[in-house]
Amino acid sequence: MVGIVIVSHSWKISEGVCDLAREMAHDFENLISAGGLDDGSIGTDAQRIADAVVEADSGDGVVILADIGSSIMSSETAIELLEDEGREINAVIADAPIVEGAICAVVEAANGGTVDSVLRAAEESKDTSKL
C-alpha cells in the first residue's frame with residue numbers, strides 16, 4: 001500500500017491534517033505526520049521527514065504533501081538523504097493543497113492506488129471548487 005507523509009512547519013497542522021484524513025479511511029495505517037521540529041517549535045527537518053518516509057513505506061512508495069516554502073525544500077532534501085543512504089523508496093512530492101490533497105490521497109491509497117494514481121488524486125484536488 002502506498003504511504004503518505006504530511007509535512008508542515010507546524011506539528012499541530014500536520015497532526016490535524018492526518019486526523020482529518022484518517023476519518024476518510026479508518027484502516028489506513030501508512031499516513032505519517034512529519035510536522036514541526038523535535039521540540040515542538042515551528043520549522044521543518046529533513047531527517048524527520050526522511051524517517052517518516054521510511055515509516056510510511058510498505059514497499060509501494062510514498063507520496064509527500066507539504067505546506068509552504070521550505071517544507072518543499074526539506075522534503076526534497078529528505079528524498080536525497082534516503083537516496084544517499086541507498087534506500088530504494090519511490091518517494092514523490094505532490095503539488096497539492098495539504099488538506100484537500102491529503103484526503104484525496106488517503107482515499108486513493110486506501111483503495112489500492114499506485115504512487116502515480118495517489119499523486120494524481122492529490123494534485124487534482126487543486127481543481128476542486130468548494131462553492
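Can you name every residue in region 41-52 that is assigned to a loop (DSSP other than H, G, I, E, B) and surrounded by 20 or more Cβ atoms within 10 Å (Cβ to Cβ)?
THR44
Could you please tell me which pairs satisfy a Cβ distance under 6 Å, a separation of 6+ or placement on different chains, a first residue in region 7-29 that is in contact (Cβ under 8 Å) with a residue 12 or more places away in the chain and part of a loop (DSSP other than H, G, I, E, B), and a second residue that is surrounded by fewer than 20 Cβ atoms within 10 Å (Cβ to Cβ) and of a type in the set (S, T, N, Q)?
Note: no pairs meet the criteria.
Can you tell which of ILE89, ILE103 is among the aliphatic types (A, V, I, L, M) and not in a helix (DSSP H, G or I)?
From the options ILE89, ILE103, the qualifying one is ILE89.
Determine, yes or no, whether LEU119 is outside any helix (DSSP H, G or I) and modelled with pLDDT of 95 or more.
no
Run GLU108 past the list (1) surrounded by fewer than 21 Cβ atoms within 10 Å (Cβ to Cβ); (2) among the acidic types (Asp, Glu); (3) modelled with pLDDT of 95 or more and report the number of the one that doesn't hold.
Going through (1) surrounded by fewer than 21 Cβ atoms within 10 Å (Cβ to Cβ); (2) among the acidic types (Asp, Glu); (3) modelled with pLDDT of 95 or more one by one, GLU108 breaks only (1).
Quick one: is ALA78 in contact with a strand residue (DSSP E or B) (Cβ under 8 Å, 6 or more places away or on another chain), in contact (Cβ under 8 Å) with a residue 12 or more places away in the chain, buried (at least 16 other Cβ atoms within 10 Å of the Cβ) and farther than 20 Å from ASP51 by Cα?
Answer is no for this residue.
Among the candidates VAL99, VAL115, which residue alone is surrounded by fewer than 20 Cβ atoms within 10 Å (Cβ to Cβ), among the aliphatic types (A, V, I, L, M) and either in contact with a Gly (Cβ under 6 Å, 6 or more places away or on another chain) or under 15 Å from GLY61 (Cα atoms) (or both)?
Matching residue, one of VAL99, VAL115: VAL115.
Here's the yes/no breakdown for (1) of a type in the set (S, T, N, Q); (2) within 24 Å of GLU100 (Cβ to Cβ); (3) within 12 Å of the chain's Cα centre (by Cα); (4) buried (at least 20 other Cβ atoms within 10 Å of the Cβ):
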residue: VAL2; (1), (2), (3), (4): no, yes, yes, yes
residue: VAL5; (1), (2), (3), (4): no, yes, yes, yes
residue: LYS12; (1), (2), (3), (4): no, yes, no, no
residue: MET24; (1), (2), (3), (4): no, yes, no, no
residue: ILE32; (1), (2), (3), (4): no, yes, yes, yes
residue: GLY36; (1), (2), (3), (4): no, yes, no, yes
residue: VAL54; (1), (2), (3), (4): no, no, yes, no
residue: GLY69; (1), (2), (3), (4): no, yes, no, no
residue: SER74; (1), (2), (3), (4): yes, yes, no, yes
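Which condition number in (1) within 15 Å of GLY3 (Cα to Cα); (2) surrounded by fewer than 20 Cβ atoms within 10 Å (Cβ to Cβ) is the one that ALA121 fails?
Failed condition: (2).
Residue check, GLY86 against (1) on the phi < 0 side of the Ramachandran plot; (2) more than 13 Å from the chain's Cα centre (by Cα), all met but one. Which one?
Just one mismatch for GLY86, condition (1).
The values are calculated or read from the model by the stated rules, or taken from the named source; none is laboratory data. Predicted model, so just to flag it, every value in this text is computed and none were measured. Quick reminder, even Gly has a Cβ in these numbers, built from the backbone with ideal geometry, and neighbours come from all protein chains shown.
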